[in-house]
1. Among what's in segment 210-238 and is surrounded by 16 or more Cβ atoms within 10 Å (Cβ to Cβ) and without any contact (Cβ under 8 Å) to a residue 40 or more places away in the chain, pick the residue that is nearest to D78 (Cα to Cα).
2. Report the residue count in segment 390-404 for those that are among the aliphatic types (A, V, I, L, M) and in contact with a helix residue (DSSP H, G or I) (Cβ under 7 Å, 6 or more places away or on another chain).
3. Within the bounds of segment 82-92, is there any residue that is among the small types (G, A, S) and part of a strand (DSSP E or B)?
4. Inside segment 362-418, can you point out the residues that are at pLDDT 95 or above, basic (K, R) and under 24 Å from the mean Cα position of the chain (by Cα)?
5. Checking A138 against (1) in contact (Cβ under 8 Å) with a residue 40 or more places away in the chain; (2) crowded, with 22+ Cβ neighbours inside 10 Å, which single condition isn't satisfied?
6. With respect to the numbered conditions (1) crowded, with 18+ Cβ neighbours inside 10 Å; (2) more than 14 Å from L379 (Cβ to Cβ), which one is the sole condition not fulfilled by I277?
7. Quick one: in segment 239-273, of everything that is acidic (D, E) and outside any loop (DSSP other than H, G, I, E, B), which residue is surrounded by the most Cβ atoms within 10 Å (Cβ to Cβ)?
8. For segment 38-75, give me each residue that is assigned to a loop (DSSP other than H, G, I, E, B), touching a Lys or Arg at 6+ places or on another chain (Cβ under 8 Å), touching a residue at least 24 places away in the same chain (Cβ under 8 Å) and under 28 Å from A369 (Cα atoms).
Amino acid sequence: MTSLTITPPGHPLTGSVTPPGSKSITNRALLLAALARGTSRLTGALKSKDTALMATALQQMGVVVEEPDATSFVVTSDGTFKAPAGPLMLGNAGTATRFLTAAAALVEGRVVVDGDEDMRRRPIAPLVDALRSLGIAATTATGCPPVVIEGSGRFGRGRVAIDGGLSSQYVSALLMAAAFGDGPIEVALTGREIGARGYVDLTVAAMRAFGGKVEQLDERSWRVEPTGYRATDYRIEPDASAATYLWAAAALTGGNIDLGVPMSAFTQPDAAAARFIRMFPDLPAVIDGAQMQDAVPTLAVLAAFNRTPVRFVGIANLRVEECDRVSALSTELNRIRPGLAREEGDDLVVEADPGLAGQTLPTAIETYADHRIAMSFALAGLRIAGITILDPDCVGKTYPGYWDALASLGVEFKRNGA
């Protein structure tokens with residue numbers, strides 16, 4: 001394992017950085033293009049480990065996926081999926097795993113959706129239960145991947161209820177596959193809450209761009225017509241989660257980083273973090289992260305330098321991401337300075353200490369193979385000397401060029417290890 005030690009720049013970070021394309025939108029667009037008859041051109045796309053896993057899985061099911069340049073996919077399909085010769089191995093890519101679990105029902109034959117050891121600890125039972133209620137033969141022995149789907153090429157009809165409390169990806173998975181129902185399908189939420197609801201809005205927008213007909217009936221249900229999808233050329237916006245690191249880097253150093261797109265232009269839920277980043281160093285006493293969950297690690301590290309303590313609420317779902325992010329954030333903040341953070345139930349309390357800036361506090365940050373832990377704690381290294389990020393290459397899951405982006409702004413690093 002390598003590590004990377006950050007040298008605080010000692011000056012405001014200024015310059016221009018182009019964030020990668022949105023992971024969330026790229027993986028939605030790849031699936032929808034694969035389900036559309038014809039050739040679709042996806043531009044502005046993210047090329048990362050997660051999107052590569054999705055593309056490879058689609059190729060296993062007979063879809064042609066070409067990559068003419070660093071930010072484009074060209075997807076050609078007859079609108080159907082073939083039974084793959086082996087399991088779809090999706091690493092720890094949550095979007096790909098959840099989306100393909102539902103889409104696999106459109107295969108005539110057996111599909112095994114699986115991942116790495118971390119993915120095998122991430123729950124998927126609510127989605128499997130919803131599929132079974134539609135008459136789809138789907139099983140999971142543990143409530144987590146692997147999932148075995150005996151597809152019939154059909155997706156049923158009628159009404160399906162889904163608990164989206166753990167992940168909005170369950171809802172998005174059903175909505176996208178529902179366009180291949182035997183008739184209209186109504187997708188309805190159970191429970192009181194849905195994690196990161198804004199991502200369902202992203203799904204609906206992408207479905208409509210590919211010719212899907214979906215109507216939101218009320219706050220808790222959608223109706224999808226059995227239209228299938230049509231090939232289209234689709235432009236993917238930059239990744240808002242990635243943008244949060246750059247916005248925070250500018251805020252921490254008093255700089256100005258031009259991303260080529262204003263904060264207001266992002267449609268992804270994590271862009272809501274921009275409002276809080278603008279408040280730094282006077283973040284509010286309570287921040288509800290329920291609808292911007294991937295931005296919480298960014299805000300939590302920023303909060304360490306705030307003038308007053310910050311409590312993060314609505315973040316229980318962070319415990320079932322690539323790692324238990326609530327615990328990881330608390331543990332690693334306390335490595336920097338004991339008592340800097342604590343868990344209270346599923347809340348995270350960060351005891352702000354603006355005096356951290358300018359100190360030398362040699363600290364090796366464990367990243368838990370989680371790209372967001374690595375990228376967010378790199379922000380601490382912009383103001384504290386001695387911050388070392390273990391396994392820095394885990395950022396390749398969603399932002400392979402992250403370290404290059406910081407270097408282009410004048411941040412220096414020392415790589416250690418082989």
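1. In this case the residue turns out to be V214.
2. Qualifying residue count for the region: 1.
3. No, every residue in segment 82-92 fails to be among the small types (G, A, S) and part of a strand (DSSP E or B).
4. R372
5. Unmet for A138, out of (1) in contact (Cβ under 8 Å) with a residue 40 or more places away in the chain; (2) crowded, with 22+ Cβ neighbours inside 10 Å: (1).
6. Of everything listed in (1) crowded, with 18+ Cβ neighbours inside 10 Å; (2) more than 14 Å from L379 (Cβ to Cβ), I277 misses just condition (2).
7. Of everything passing the filter in segment 239-273, D270 is surrounded by the most Cβ atoms within 10 Å (Cβ to Cβ).
8. Correct list: G44, L46, S48, T71.
The values are calculated or read from the model by the stated rules, or taken from the named source; none is laboratory data. Not measured: the values here are computed from a predicted model. All Cβ positions, glycine included, derive from the backbone under ideal geometry; neighbour counts span all protein chains shown.
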